[in-house]
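So the structure is just underneath, and the comments pick up after that.
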Amino acid sequence: MRAAGPADVEPIAELRAVVMRPDLVRLGRYDEHRVRQRLRDTFSERYTSVVLADGAFVGSVTMRPAQSGGQWIEHFYLAPEQQGRGLGTAVLRALLDRADAAGETVRLDVVQGSAARRLYERHGFTLESEDPIDVFLVRAPRVMPEARP
């Protein structure tokens with residue numbers, strides 16, 4: 001992973017449109033312009049990382065401070081051809097290790113019926129709340145073992 005820069009917003013917006021399309025179409029909420037604009041409106045270089053495979057852009061993830069404390073993961077997208085190969089697990093594990101080391105709770109949301117929910121649940125996320133469109137998940141920090149002399 002590498003830190004995102006200003007030039008990354010459009011490639012990430014395009015990837016978001018590709019990755020989100022099936023779920024948003026299924027939910028009757030796909031809008032060609034809105035799917036990209038939501039990313040543009042919330043893009044933060046400071047908290048966003050670009051995911052690379054063999055040096056090439058294949059995804060993104062943002063982990064920022066949550067308003068309620070802890071961390072919020074959003075804009076976690078991997079190119080479809082990269083999904084199911086363990087890359088998403090590796091990226092998520094790195095983010096969760098960082099949150100665990102800081103003792104922080106992590107929250108995120110997925111759209112109803114998203115296959116990504118299984119990835120998050122395998123890593124300890126549980127249901128916090130849901131509505132007809134979104135499922136909000138939370139994960140408490142894992143207690144880090146104390147160092148022994």
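The values are calculated or read from the model by the stated rules, or taken from the named source; none is laboratory data. Predicted, not measured: the structure shown is a model, and the values here were computed from it. Methodologically, a virtual Cβ is constructed for each residue, glycine included, from the backbone with ideal geometry; neighbour enumeration extends over all protein chains shown. Each accessible area value is taken on the protein alone, full model and side chains, heavy atoms only, with ligands, DNA and RNA left out. Shrake-Rupley method; radii C 1.70, N 1.55, O 1.52, S 1.80 Å.
Points to keep in mind about this one:
- Pairs, first closer than 12 Å to Ile73 by Cβ in the range 88-105, second modelled with pLDDT under 95 and part of a helix (DSSP H, G or I), C-beta under 7 Å, six or more apart: Gly88/Leu119; Leu92/Leu119
- All positions within the range 42-64 that are loosely packed, with under 15 Cβ neighbours inside 10 Å and under 16 Å from the mean Cα position of the chain (by Cα): Thr42, Ser44, Glu45, Arg46, Leu52
- Within the range 101-121, tally of residues that are outside any loop (DSSP other than H, G, I, E, B), surrounded by fewer than 16 Cβ atoms within 10 Å (Cβ to Cβ) and at pLDDT below 95: 3
A quick yes/no check of all residues on (1) touching a strand residue (DSSP E or B) at 6+ places or on another chain (Cβ under 9 Å); (2) part of a loop (DSSP other than H, G, I, E, B); (3) among the small types (Gly, Ala, Ser):
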residue	(1), (2), (3)
Val25	no, no, no
Glu45	yes, yes, no
Gly59	yes, no, yes
Met63	yes, no, no
Thr89	no, no, no
Leu92	yes, no, no
Ala99	yes, no, yes
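- Count of the range 4-37 residues which are among the basic types (Lys, Arg), touching a residue at least 60 places away in the same chain (Cβ under 8 Å) and buried (at least 18 other Cβ atoms within 10 Å of the Cβ): 1
- Counting residues in the range 12-35 that are at pLDDT below 90, within 16 Å of Ser114 (Cβ to Cβ) and among the basic types (Lys, Arg) gives one or more.
- Some residue of the range 66-85 being of a type in the set (D, E, K, R) and open to solvent by less than 30 Å² (accessible area, probe 1.4 Å): no
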